[in-house]
Every structure is written in C-alpha cells, then in structure tokens.
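The structure under discussion appears below in the form of structure tokens.
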Ligand code: GDP
Ligand code: IMO
Ligand code: MG
C-alpha cells in the first residue's frame, strides 16, 4: 500500500476519527433538518409478520410511527400491500394503500427511508407520491432512497407475468403478485441489476438494460423502451438518493428512534419458507441487517403481527385451509382480498404450529393479535395445536411443501364471544372468551401478546397495560410525538 502525504497534517488515529465524525455530521444535518432533534428515549423497533403476510404490518407501523422518527423499509418491493386507516383533522376517514412508500409518513416530521434491500418500481413510487400528496403535501420531501437500491423495470414485470402464465422456464406455479420482484432479484444476483445511483450515468443504464434484455431473451426493442421509461424517473430518484447505511447508523448512534416496517412474512422467506412457494427477498428478521446495514442486535423491540386466523395468497401448502363455507365466511367477514392483486385470499383457522415456528425463528419480543373483530360472530373458534402426519401427532412445523401437504390439522375449539368488539376502548373490556383465546395463544407461543386489534383504524388497538407495546407507545414520554 502506498502512503498518503497530507501536508501539514498528521493523520493519526484521532485525526482519522475526526474526519469520520465530520462525515457522520453531514448525515445528521439532513436528519435534524427533516425530523428535528432525537427524543430523550430511543426505540429501535421492527414490525414483522408471523404468517405469510397481510397481518396488518402497515396499520401497526402507522401506529408506532407516532413515536419513532425514521421509518425504514429494508426488503421486498411493491409486491407488498400495506393498508393504514385513520381520521384526518376534519374527521374524514383516510385510507392509504402503500406498496412501496413506508407507512406512517402522514405523521409530521417522519423520515421515510427505502433501504438498500428494497426493490423499487419508480412508476409505483411516483403514483404513491401523488396519492399521498393530497393529504400530506410534504411527504415527498421527507423520503430518502438508498442509492444502492435496485430498480424494478417493465421488463421484469413482463418476465414475471410470462413465467406465471406460460410457465416460461418454470413448471411450478407460484402465484406471484406479478410485480416483477422475482426477476428483479434475478438481475440483482446476476450482477446486471440497475441501481438508483446508476442513473447518474445513462450510458451504464443502457448497457445494463441491454444485458437484461439478452439474459431474459427479450426482443431488442425492449432496450429502448425500458431505458426511456426509466430515465423519465431519473430526477425523482436521484434527488432523494443517499448512502442510507451510514445515515441509518448515524441516526442510531445519535439516539434517534427508528422503526423498520417489514414486508411479507416468514412463511415466504426464500431461506426459511415453504420453498419454492416463497418470495425472493428476505422476509425474516435477518432482513433488517442485509437490507438496511444496521447491526440487528441494536433492534430492541421485535413486534410480530399475528392475524386471529390464517390466510394465504398464491400457492403452496396450507394445512388449515378451509374449503367449506366456513373458509368463505372468514373471507367475507375479514374482507380477505389481496391489497396488491385483489385475489381472493385462502382462509382457515389460526395455525399455532406454524406461528410457534415463526416465533422461534424471529424471536418477537411481543405479538399483536390482529383482526380479532372478524371472529365476533363465530359460535366457536378453532386453533390448530398439532398436525396429524401418517398417523403420528406432530407439533413441530417443517416448512416443506410435501410434508405439510400430508398433514391434517388437529384443532382445539374455543367458545365464541358473540359480541361486537369494535366499540371497545380498553383491553380489560374484552369478553372473557376473547381473553381466554388470547391467553392460550400467548402460552402456546411462549411470547407475550401485548395488544389486540379490533378494526383497521389506528385507534382500534387495545393494549394490555404494562405491556411492551404500551411501554413504547404511551409510557415513554421522552419519545417524540410531533
Ligand atoms: P399488511 O400487509 O401486513 O400491512 O396487511 P394488509 O394491509 O395487506 O392487510 C390487512 C387488512 O386488514 C387491511 O385491509 C387492513 O385495513 C385490515 N385490518 C388491519 N387490522 C384490522 C383489524 O383489527 N380488524 C379488521 N377488521 N381489519 C383490519
Ligand atoms: P405484505 O407485505 C402476502 C406472496 C405471493 C406469492 C409469493 C411470491 O403485504 O404482507 P412474489 O410476487 O413476491 O414473487 O410472490 O409471495 N406474497 C405475499 N403474500 N403478503 C405479501 O406482502 C406478499 N408479497 C408476496 O402471493 O405467493
Ligand atoms: Mg399486505
């Protein structure tokens, strides 16, 4: 290694440290400008699912964003569909259906970050900016995008659709969202992906897109089409591009509260889920590390959302799937139609064998049981506590399609509470049957259930007093509520 001659300055360890601190100061200035000073208490929180997805992560993130300053997406793309419902200042009900924008940006001064692990479709991003701008005009100014995040192109969506419809190059039908996320991840791993910072050099963009067109055996005309499409979003992306890894780390070091909004759930994690019926980006807790660059030991709250019953979109084994009128009734009452694709979600009773596997994998510090109100009218409520497999009783989940396809559920039934829970305001007011149901889940999962939700609105959460969730949301006065 050659030496660096810095005239007049001795580059000793202290000088090097000072230079590094100067670099960090730049990031902190950006954060200070947008979010103000850090609060007196720091929370670093991850919101994840315990099932396939769609457990209400968006709604939970929106609630928690009230006491965090940065909201980070670290994985997935616009295959996610996250719904938030709240009343604006005039009492009007507002619904946001975000696919790519982090939830919770309607809270003033929150910084949204799309980390390096997110796959960004800029057209979707631009449309979501338009949708949120009516309600939150400055949301656009508060979004930062990793310069290293990969972009999803029209050609990726085309390949995704082709694979699903014509079985091009694949005999298994996954039932993807057809948002191009799988092919975009193929480009990423194949080292021909286009990243946000590549847009600084249109020449490079064209070369990369050409590589993709050749790799996916698409017609030559696709090169121009995709280049022109992408360059139209150049300014939108580059104006917000940052090096998000040191920025997030600087924020954590300075005491800012950071919230990670997970997308998808552990059942479709490419490493741990029911392969091949999985998505292609990491979805388990480890995704925080790869997708944001924050050392995951720094996350002190891991909040898992668990729907009070089981749903699935797409294909793959589903032990408690109910194809009788019961499943259809859960679908109707729960309005179980995909946010992203409007597909009917497959429905059945809660599978605790599966949920305990998720709890062991992700080590949630608390669980929030969601959509409890959907069960209000059921005379009895089933939970799957074991599987029967070839005449044997099994209580350990194995994420294997063939194994799960051969399992039948063993249920324990609870009496329904047959009362409307939607108007309740305190956890203690829940009917005893509902509390018995929740206590059983807590025991089975060996993880505290800190709250239950009985409606989609931000105010529809009943927190157990003295729970971790209550601690984050109401008992930590030092956290910033702007
Ligand atoms: P996510 O992908 O985990 O963010 O969840 P989705 O937004 O895809 O799906 C959850 C759906 O249930 C959305 O339509 C929410 O508005 C709705 N929802 C969330 N919590 C509740 C609840 O407690 N009760 C009812 N009835 N609906 C809820
Ligand atoms: P949120 O964040 C539920 C499923 C698809 C399909 C599989 C692969 O809203 O919880 P993909 O398009 O990712 O290649 O599809 O993954 N899937 C989801 N299921 N919730 C999601 O996200 C999902 N995102 C993808 O249905 O089975
Ligand atoms: Mg969803």
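Data for the structure
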quantity	calculated
Scope segment 322-361; condition within 14 Å of ligand 2 (Cβ to nearest atom) and within 17 Å of the chain's Cα centre (by Cα); matching residues	338, 339, 340, 341, 358
Number of the exception - residue 289 against (1) free of Cβ contacts under 8 Å to residues at least 40 places away in the same chain; (2) part of a loop (DSSP other than H, G, I, E, B); (3) closer than 25 Å to residue 38 by Cβ	(2)
Residue in segment 141-180 that is farthest from ligand 2 (Cβ to nearest atom), counting only those that are touching a strand residue (DSSP E or B) at 6+ places or on another chain (Cβ under 6 Å) and in a loop (DSSP other than H, G, I, E, B)	147
Selection from segment 337-389 of residues that are out of contact with any strand residue (DSSP E or B) (no Cβ under 9 Å at 6 or more places or on another chain) and on the phi > 0 side of the Ramachandran plot	342
Flag for residue 320 being surrounded by fewer than 21 Cβ atoms within 10 Å (Cβ to Cβ), touching a residue at least 40 places away in the same chain (Cβ under 8 Å) and in the same structural domain as residue 369 (by TED's automatic domain parsing)	no
Which listed residue, of 93, 25, 75, 51, is outside the structural domain of residue 346 (by TED's automatic domain parsing) and within 10 Å of ligand 1 (Cβ to nearest atom)	51
All strands (runs of 3 or more DSSP E) inside segment 377-482 with 1 or more residues being within 30 Å of residue 34 (Cα to Cα)	461-463
Any pair with Cβ under 6 angstrom, 6 or more apart, that starts in segment 172-185 at a residue that is without any contact (Cβ under 8 Å) to a residue 40 or more places away in the chain and at positive phi and ends at one that is surrounded by fewer than 24 Cβ atoms within 10 Å (Cβ to Cβ) and not in a loop (DSSP other than H, G, I, E, B)	none
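Listed here are the residues, each with its yes/no results for (1) away from ligand 2 (no atom under 14 Å from the Cβ); (2) under 24 Å from residue 29 (Cα atoms); (3) surrounded by fewer than 22 Cβ atoms within 10 Å (Cβ to Cβ).
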site	(1), (2), (3)
227	yes, no, yes
232	yes, no, yes
249	yes, yes, yes
256	yes, yes, no
263	no, no, no
275	no, no, yes
283	no, no, no
293	yes, yes, yes
302	yes, no, no
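The values are calculated or read from the model by the stated rules, or taken from the named source; none is laboratory data. Note that the structure is a prediction, hence the values are computed from the model and not measured. Heads up, the Cβs are rebuilt from the backbone with ideal geometry, glycines too, and the neighbour counts pull from every protein chain shown.
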